[in-house]
1. Using the structure shown, decide if residue 170 is small (Gly, Ala, Ser), surrounded by 17 or more Cβ atoms within 10 Å (Cβ to Cβ) and modelled with pLDDT of 95 or more.
2. Filter the range 120-168 for residues that are farther than 27 Å from residue 5 by Cα, without any contact (Cβ under 8 Å) to a residue 60 or more places away in the chain, touching a helix residue (DSSP H, G or I) at 6+ places or on another chain (Cβ under 9 Å) and not acidic (Asp, Glu) and give the result.
3. Can you tell me how many residues in the range 67-76 are part of a loop (DSSP other than H, G, I, E, B) and in contact with a helix residue (DSSP H, G or I) (Cβ under 8 Å, 6 or more places away or on another chain)?
4. How many residues does the range 107-133 hold that are of a type in the set (Gly, Ala, Ser), under 14 Å from the mean Cα position of the chain (by Cα) and part of a loop (DSSP other than H, G, I, E, B)?
5. Of all the residues that make up the range 139-179, how many are outside any loop (DSSP other than H, G, I, E, B) and touching a strand residue (DSSP E or B) at 6+ places or on another chain (Cβ under 9 Å)?
6. Among 95, 59, which is over 21 Å from residue 138 (Cβ atoms), in a helix (DSSP H, G or I), without any contact (Cβ under 8 Å) to a residue 60 or more places away in the chain and not hydroxyl-bearing (Ser, Thr, Tyr)?
Amino acid sequence: MSPKSTVYQFSIELSDTDRGVYETFKLPTALHPSESLEFMMARVVAFSLEYGEGISFSAGIGATDDPAVSIRGLDGTYEAWIDVGAPSAERLHRAAKLAKRVAVYCHRSADVVYEQITQTPIFRGEEVAFYSFDNECISSLVSELDRRNEVTISRSDGTLYVDLNGTHHSSPIVERRLR
């Protein structure tokens, strides 16, 4: 019998002044046994920073052909393909053909991942947004995680501010475009 996923509950208050998005929502998030807490937390941050109509997590770790987070239009097509971690250049090439917008949120070794991705031509590569945070940002958030979490996420002038269970964290959001 395979191990079951652990579900974390997030009550999120979002204030994204850079995009003009202000929402409060609940986000149950499954941690697959093979997934790290850092990856899951990066998915939650990416989901929040990309929040909009039609947003959802993929079906899970086993859904290798889907992004970690996506925004789909009413007709089912990808409005946005949002990957987390270190997707391959081939995966991003395919994503750029399927979606109007492609973004990557890197939760560690951002410079290494970025350099690897830029070694291979990617369809509409100059439009792919690559986001990263301070090296310790995601891991410091993970250290404050409980199974039930109260979170305030704010973005203002390219800086991420997170209050997680009463502990404050911040990081610049570095945005780069693929060459």
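1. Judged against the criteria, residue 170 is not a match.
2. Answer for the range 120-168, where residues must be farther than 27 Å from residue 5 by Cα, without any contact (Cβ under 8 Å) to a residue 60 or more places away in the chain, touching a helix residue (DSSP H, G or I) at 6+ places or on another chain (Cβ under 9 Å) and not acidic (Asp, Glu): 120, 121, 122, 123, 124, 125, 128, 130.
3. 2
4. Final tally of qualifying residues: 0.
5. Looking only at the range 139-179, we keep the residues that are outside any loop (DSSP other than H, G, I, E, B), and these are 139-142, 148-156, 159-164, 167-172, 174-177.
Then keep just the ones that are touching a strand residue (DSSP E or B) at 6+ places or on another chain (Cβ under 9 Å); that gives 140-141, 148-156, 159-164, 168-172, 174-177.
Final tally of qualifying residues: 26.
6. Numbers: 59 fails: in a helix (DSSP H, G or I).
Selected residue: 95, the only one of 95, 59 that is over 21 Å from residue 138 (Cβ atoms), in a helix (DSSP H, G or I), without any contact (Cβ under 8 Å) to a residue 60 or more places away in the chain and not hydroxyl-bearing (Ser, Thr, Tyr).
Table: residues versus (1) over 18 Å from residue 176 (Cα atoms); (2) surrounded by fewer than 21 Cβ atoms within 10 Å (Cβ to Cβ).
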{"site": "49", "(1), (2)": "no, no"}
{"site": "64", "(1), (2)": "yes, yes"}
{"site": "73", "(1), (2)": "yes, yes"}
{"site": "76", "(1), (2)": "yes, yes"}
{"site": "84", "(1), (2)": "no, no"}
{"site": "118", "(1), (2)": "no, yes"}
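Conditions tested, residue by residue: (1) hydrophobic (A, V, I, L, M, F, W, C); (2) under 15 Å from the mean Cα position of the chain (by Cα); (3) under 17 Å from residue 153 (Cα atoms).
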| residue | (1), (2), (3) |
| --- | --- |
| 4 | no, no, no |
| 17 | no, no, yes |
| 44 | yes, yes, yes |
| 88 | no, no, no |
| 91 | no, no, no |
| 101 | no, yes, no |
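The values are calculated or read from the model by the stated rules, or taken from the named source; none is laboratory data. Not measured: the values here are computed from a predicted model. Cβ sites come from the backbone with ideal geometry, for glycine too, and all protein chains shown count toward neighbours.
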